[in-house]
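S.K.: I have a structure here, written as structure tokens, and I will follow up with some questions on it.
Nothing in this text is a laboratory measurement; each read-out follows from the coordinates by a stated rule. Worth saying up front: this structure is predicted, and the values here are computed from it rather than measured. Every residue, glycine as well, gets a Cβ built from its backbone with ideal geometry; the counts of neighbours run over all protein chains shown.
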Amino acid sequence: MANLSIDYMGMKLTSPVMAASSTLTKDIANIRKAEDAGAGAVVLKSLFEEEIRQDSGLSSDDISHSEAYDYINADAAMVYGSGEYLEYVRKASEAVGIPVIASINCEGGRWWTDFAVSIEEAGADAIELNISFVPFDASLTSAEVEARYIEVIESVKSKVKIPVAVKIGDNFSSIPYMVQKIKNAGADAVTLFNRYYQMKINTRTLELEPVHYYSETQEAYNVIRWVAAVSRQCPVDISATTGVHDEDTLIQYILAGAKTVQTASMLYKKGFSAIRDLNTGLDKWLDKRNLVSVKDAVGLAMRKKIRQYHTIERIQYIKVADGHLLQ
Ligand SMILES: Cc1cc2nc3c(=O)[nH]c(=O)nc-3n(C[C@H](O)[C@H](O)[C@H](O)COP(=O)(O)O)c2cc1C
């Protein structure tokens, strides 16, 4: 039996497989199921900045004014400070022995700093900042968007002692550069990538409608590319998320350089016992390769040959015939 334990952001995980933040992890019974099935850690459902903003009737522009900011802060404390989310963190931490990672969904700067401290005090082992500031405003520059991410990370890191991971989407002009900046701002890990809410247009009613769907395995390939590109350049722990439905995808992420993977859709489709199957599959694969520890597999494919780097960087189909890529 190979050793599946891994050090992630300074925490000792018994497995690299984590239950990702989702509505499933909102339920303490499910968090126990994740632990029983062998998850190395669990990420709690995010606390959404937007929810509090909607309750208060303020827009994201309003909160940059200090009066509104103070109001919002008080409101956040009122709604969540002694209430729901902290209680949820407390209960989850007491329920299981595996690390519990609280998740904050934020768009703006100072907003969550004080609340992050309360989350730490409630017993969270780490925080994942689910930063989803995606600019739809043509007057915002990339530099301004990036600065907003860095501001959030620096302010949270200046207040808490527990490790902080930063979960981002793949909508940056330069992902490796952004990850480097995130690391330099103090992040202990980066989670690649969030999978955003999708919408479609109903061609009969012309209404915009949400698309509810779980991920497919193929969606992992874009993420694997970026895990590989980032891991060989940025010395930061990487957690990969999107499309892990079987051990083969889990192993690919690890070989590309991820220390942990986070799965949500698989849990919806197959239940928590699927985590056990992932661990078993990983263990068998390590044994077959005579690798005694999963640590030996992290980034292994990237250490193999320089030629692999060129494959990562190839983004165009140059020659394709009858569905086959010609070399
Ligand atoms: C129903 C559902 C709810 C989710 N809620 C959150 C959330 O609150 N915060 C977050 O960071 N990610 C959330 N996610 C994203 C997952 O954590 C995960 O990163 C993403 O679904 C990709 O993994 P998957 O392919 O295994 O689903 C949610 C995903 C699903 C399916």
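S.K.: I need every pair where a residue in the stretch 195-223 that is closer than 29 Å to residue 314 by Cβ has its Cβ under 7 Å from the Cβ of a residue that is among the hydroxyl-bearing types (Ser, Thr, Tyr) and more than 9 Å from the ligand (Cβ to nearest atom), sequence separation at least 6 or different chains.
M.R.: Here the result reads 217/249; 220/249, each pair linking the stretch 195-223 to a residue that is among the hydroxyl-bearing types (Ser, Thr, Tyr) and more than 9 Å from the ligand (Cβ to nearest atom).
Conditions (1) hydrophobic (A, V, I, L, M, F, W, C); (2) more than 15 Å from the ligand (Cβ to nearest atom); (3) within 27 Å of residue 188 (Cα to Cα); (4) out of contact with any strand residue (DSSP E or B) (no Cβ under 7 Å at 6 or more places or on another chain), marked per residue:
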residue: 228; (1), (2), (3), (4): yes, yes, yes, yes
residue: 237; (1), (2), (3), (4): no, yes, yes, no
residue: 243; (1), (2), (3), (4): no, no, yes, yes
residue: 287; (1), (2), (3), (4): no, yes, no, yes
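S.K.: How about the stretch 212-227: which of its residues are over 17 Å from residue 182 (Cα atoms) and either surrounded by 22 or more Cβ atoms within 10 Å (Cβ to Cβ) or aromatic (Phe, Trp, Tyr) (or both)?
M.R.: Scanning the stretch 212-227 gives 213, 214, 220, 221, 223, 224.
S.K.: Scan the stretch 249-273 residue by residue and report those that are hydroxyl-bearing (Ser, Thr, Tyr) and within 13 Å of the ligand (Cβ to nearest atom).
M.R.: 249, 253, 260, 263, 265, 268
S.K.: Let me ask something else. Limited to the stretch 195-212, what total is found for residues that are within 16 Å of the ligand (Cβ to nearest atom) and not in a loop (DSSP other than H, G, I, E, B)?
M.R.: Qualifying residue count, the stretch 195-212: 4.
S.K.: Which ranges mark the helices (runs of 4 or more DSSP H) fully within the stretch 97-194 that have 1 or more residues being more than 19 Å from the chain's Cα centre (by Cα) and touching a residue at least 40 places away in the same chain (Cβ under 8 Å)?
M.R.: In the stretch 97-194, the matching helices (runs of 4 or more DSSP H) lie at 113-121, 142-159.
S.K.: Can you tell me which residue within the stretch 1-43, out of those that are part of a loop (DSSP other than H, G, I, E, B), in contact (Cβ under 8 Å) with a residue 60 or more places away in the chain and surrounded by fewer than 16 Cβ atoms within 10 Å (Cβ to Cβ), is farthest from the ligand (Cβ to nearest atom)?
M.R.: Here the answer is 1.
S.K.: Out of the residues in the stretch 125-165 that are in contact with a Ser or Thr (Cβ under 7 Å, 6 or more places away or on another chain) and of a type in the set (A, V, I, L, M, F, W, C), which is nearest to the ligand (Cβ to nearest atom)?
M.R.: 165
S.K.: Looking only at the stretch 246-288, count every residue that is among the hydroxyl-bearing types (Ser, Thr, Tyr), touching a helix residue (DSSP H, G or I) at 6+ places or on another chain (Cβ under 8 Å) and closer than 20 Å to residue 227 by Cβ and tell me the total.
M.R.: Result for the stretch 246-288: 3.
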